[in-house]
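Working notes, beginning with the structure itself.
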Amino acid sequence: MRGASLRDEASRLLAIETSCDETAAAVVDEGRRVVSSVVSSQMDLHARYGGVVPEIASRAHTELIVPVVTEALALAGLDSAGRGERPVEAVAATTGPGLVGALLVGVSAAKAIAMAWGVPFVAVNHLEGHLYASLLEEPDLELPVVVLLVSGGHTLLVRMDAPGRYEVLGRTRDDAAGEAFDKVARFLGLGYPGGPAVDRVSAHGDAGAFAFPRAFLEGSLDFSFSGLKTAVVRYVRAHPSVATEDVAASFQEAVVDVLVEKTLSAARQARAAGICLAGGVAANSSLRARATESAEAEGFRVFLPSRAMCTDNAAMIGAAGYFRLRDVGASGWDAGAEPGLGLSPPGRGGAPGRRDTS
Ligand code: KG4
Ligand code: ZN
């Protein structure tokens, strides 16, 4: 076997991510240095359906997985067996949360590769991966930080004390922030994916045009976006001639107000050194600007990962995989896809996380 198995010291990982509509592979050293990272987006395949079609996603992953992995290896100077001057010592893959058929492609490929190469396999929680985006781009990041993880399926506030040591402080009680962006964009006829479309259109709108409701949920770090979405729909139905860009900008402003306010509250409570954004919605230009401005005004450091690191990629899975392997050990060959996986720190029984019922 190349490399040891449990409590592994493996430092060069091949990582695979196929939880939704991106087929991605990366080679990452010591959980911090991205040697290569390849992301093949299926966005064009799903755009005409207005959302990700699970069956199409699984089929596309099946076709793309071998070329994407091969390219990531080649860019890292490795042959198709993961050998080179510094060979791959372990293989990581996202096991959840995500679409079951999509996850299965990455998990099966990763386990087959690890078995064939005689290296350990490590199951990674996709949400945990997002937490590492900032650390990958800013290895000297001062901890603890509060990470606002905002994606298509999740909205979480997490305090990160060290790699592999974190605590969930708040979560959405209904829609995820990205889901709200996508639903409002679809309603406004802005197309798919909705977040970037709302972001683009809002640049030409008046963010103060309509006072849509903000659910601050006093005394809690949880979120709720379904009331806001309903308010937008009701308002536009009652006033069909309103300017779409004003509605989009006012909606975005309401989401950003809540996200920024809650993140700062969490940072104060956690006595964090700084805040980080993560997940697809962290690419939002208004969120990036407002988070920076408000956090700096209170003396918090701010780290905004590049847009490529905010959206789904395998480099973040490689980072999370490295620390899981170090702290928990290799995963069993029976590890499978876990579509409903929630976020929980490593070291609790070796599983990548618990089921999330929220
Ligand atoms: O993290 P991600 O790439 O995939 C998931 O794990 O969900 O996040 C995708 C989400 C989508 O809802 C998309 O509309 C949203 O991120 N998004 C944005 C922007 N770019 C992507 N939302 C607001 N503004 C953006 N610029
Ligand atoms: Zn994601």
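The values are calculated or read from the model by the stated rules, or taken from the named source; none is laboratory data. The structure displayed is predicted, hence computed values, not measured ones. We place every Cβ from the backbone using ideal geometry, glycine too, and count neighbours over all the protein chains shown. What goes into the accessible areas is simple: the full protein's heavy atoms, side chains included, and nothing from ligands, DNA or RNA. Shrake-Rupley method; radii C 1.70, N 1.55, O 1.52, S 1.80 Å.
One table, with the values for the structure above:
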quantity: Amide H within-cut-off set for Ala92, under 5 Å, with H built and near neighbours excluded; calculated: Leu14, Ala15, Ile16, Val122
quantity: Amide H within-cut-off set for Val119, under 5 Å, with H built and near neighbours excluded; calculated: Arg2
quantity: Bridge type composition, the chain - antiparallel percent by DSSP, nearest 5; calculated: 60 percent
quantity: ³J(HN,Hα) computed for each position of segment 167-172 - Karplus, 6.51 cos²θ - 1.76 cosθ + 1.60, integer Hz, glycine/proline x; calculated: 9, 7, 9, x, 8, 6
quantity: Percent carbon-and-sulfur accessible area, the chain, ignoring ligands, DNA and RNA, probe 1.4 Å; calculated: 51 percent
quantity: Share antiparallel - DSSP beta bridges, segment 33-159, percent rounded to 5; calculated: 50 percent
quantity: Unit charges on C-beta of K, R, D, E only; dipole of segment 142-309, Debye; calculated: 280 debye
quantity: Gaussian network model of the chain, springs between alpha carbon atoms under 10 Å - residue of Gly321, Gly82, Gly332 with greatest fluctuation; calculated: Gly332
quantity: Under 5 Å, built H, 5+ apart or other chain: amide partners of Gly170; calculated: Leu157
quantity: Estimated 222 nm signal from helices in the chain, with DSSP H stretches of n ≥ 4 weighted -39500 (n - 2.57), rounded to 500; calculated: -12500 deg cm²/dmol
quantity: Segment Ala162-Asp206, length gained on full extension (0.36 nm per residue, minus Cα span); calculated: 11.8 nm
quantity: Spatial separation of Cα centroids for segment 156-196 and segment 251-307, in angstrom; calculated: 13 Å
quantity: Listed residues Ser58, Ser80 arranged by accessible area, highest first, probe 1.4 Å; calculated: Ser80, Ser58
quantity: Span-like helix ranges in the chain, DSSP H, alpha carbon extent 20 angstrom or more, Kyte mean at least 1.0; calculated: 100-117
quantity: Hull-based mean projected area of segment 142-309, where the convex hull spans the alpha carbons, in square nanometres; calculated: 9.2 nm²
quantity: Solvent-free Debye scattering, log10 I(q)/I(0), computed from the Cα coordinates of segment 202-263 at q = 0.26 Å⁻¹; calculated: -1.07
quantity: Residue-level accessible surface for Arg288, protein heavy atoms, 1.4 Å, Å²; calculated: 30 Å²
quantity: Alpha-carbon gyration tensor eigenvalues x 5, square-rooted, for segment 40-168, Å; calculated: 26, 23, 13
quantity: Candidate residues Lys229, Lys262, Lys183: accessible-area rank, largest first, probe 1.4 Å; calculated: Lys183, Lys229, Lys262
quantity: For the chain, size of Cβ-based charge dipole, Lys and Arg +1, Asp and Glu -1, in debye; calculated: 500 debye
quantity: Normalised convex hull volume, segment 95-232, alpha-carbon set, Å³ per residue; calculated: 164 Å³
quantity: Difference of contour (0.36 nm per residue) and Cα-Cα distance, Ala273 to Asp29; calculated: 85.2 nm
quantity: Per-residue ³J(HN,Hα) for segment 88-94, Karplus 6.51 cos²θ - 1.76 cosθ + 1.60, θ = phi - 60°, Hz, x for Gly and Pro; calculated: 5, 10, 7, 10, 10, 8, 5
quantity: Two-decimal Rg to Rh for the chain - Kirkwood Rh, Cα set; calculated: 0.98
